[in-house]
Amino acid sequence: MSIFDKLLKISGNTLYYPGCLTKFVAKDILANYKKILEMCGEDFIILEDKEVCCGSPVLNAGFPDDFKNLADKNLGLFKEYNIKKIITGCPACFDMLNNKYREILGDDWQLEVEHITTYLLRKLREGKLKLPSLAIKATYHDPCH
């Protein structure tokens, strides 16, 4: 085990889980979320190439056994790194980690999962994230979920 892995295991218990699209395609979004989490003072880790897909594509394609294998693999990894909370910007990952993992893993799944939008709203309300004053109203809409 490398020094880096040892440090990961003793740092914060919050994992930023980017999701496959953000991790592999929209790397600028990944970098922005990392900056925002740091601005909020969040002690988080990213497992880079260690975590696997949440399983949404395989479950939705009709492969429940493969989904269970991915869920088990992620659970083992999250336990190894003592993860207690996951923040994700991906709505599919949020649904899988917050709902489907609870269904398939039962009491073994004890992690808190929060979507980045609700996390940021909470941090704004707590005064831990300061944004310039804007005279607009905005609505978040995820076109896929």
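Out of the residues in segment 120-131 meeting the condition of being surrounded by 13 or more Cβ atoms within 10 Å (Cβ to Cβ) and assigned to a helix (DSSP H, G or I), tell me which one is farthest from the chain's Cα centre (by Cα). So, considering only residues that are surrounded by 13 or more Cβ atoms within 10 Å (Cβ to Cβ) and assigned to a helix (DSSP H, G or I), the one farthest from the chain's Cα centre (by Cα) is Leu124. When segment 91-100 is filtered for residues that are within 19 Å of Asp66 (Cβ to Cβ) and either open to solvent by 30 Å² or more (accessible area, probe 1.4 Å) or touching a strand residue (DSSP E or B) at 6+ places or on another chain (Cβ under 8 Å) (or both), the ones remaining, listed by number, are Asp95, Leu97, Asn99, Lys100. Only a single item in (1) assigned to a helix (DSSP H, G or I); (2) under 26 Å from Thr139 (Cα atoms); (3) of a type in the set (Gly, Ala, Ser) is not met by Gly41, and it is number (1).
The single residue among Leu47, Leu37, Leu30 that is among the aliphatic types (A, V, I, L, M), under 18 Å from Ile116 (Cα atoms), open to solvent by less than 60 Å² (accessible area, probe 1.4 Å) and touching a Pro at 6+ places or on another chain (Cβ under 6 Å) turns out to be Leu30. Within segment 77-90, the residues that satisfy the criterion of being on the phi < 0 side of the Ramachandran plot and either open to solvent by 40 Å² or more (accessible area, probe 1.4 Å) or within 13 Å of the chain's Cα centre (by Cα) (or both) are Phe78, Lys79, Glu80, Ile83, Lys84, Lys85, Ile86, Ile87, Thr88, Gly89, Cys90.
Can you confirm whether Asp72 is in contact with a His (Cβ under 9 Å, 6 or more places away or on another chain), within 19 Å of Leu15 (Cβ to Cβ) and open to solvent by less than 80 Å² (accessible area, probe 1.4 Å)? In short, no. For segment 43-69, the tally of residues that are within 17 Å of Thr88 (Cα to Cα) and over 13 Å from the mean Cα position of the chain (by Cα) stands at 6.
The values are calculated or read from the model by the stated rules, or taken from the named source; none is laboratory data. These figures come from a predicted structure and were not determined experimentally. Virtual Cβ from ideal backbone geometry, glycine too; neighbours counted across all protein chains shown. Ligands, DNA and RNA are stripped out before the accessible areas are found, and what is left, the full protein with its side chains, is counted by its heavy atoms. Shrake-Rupley method; radii C 1.70, N 1.55, O 1.52, S 1.80 Å.
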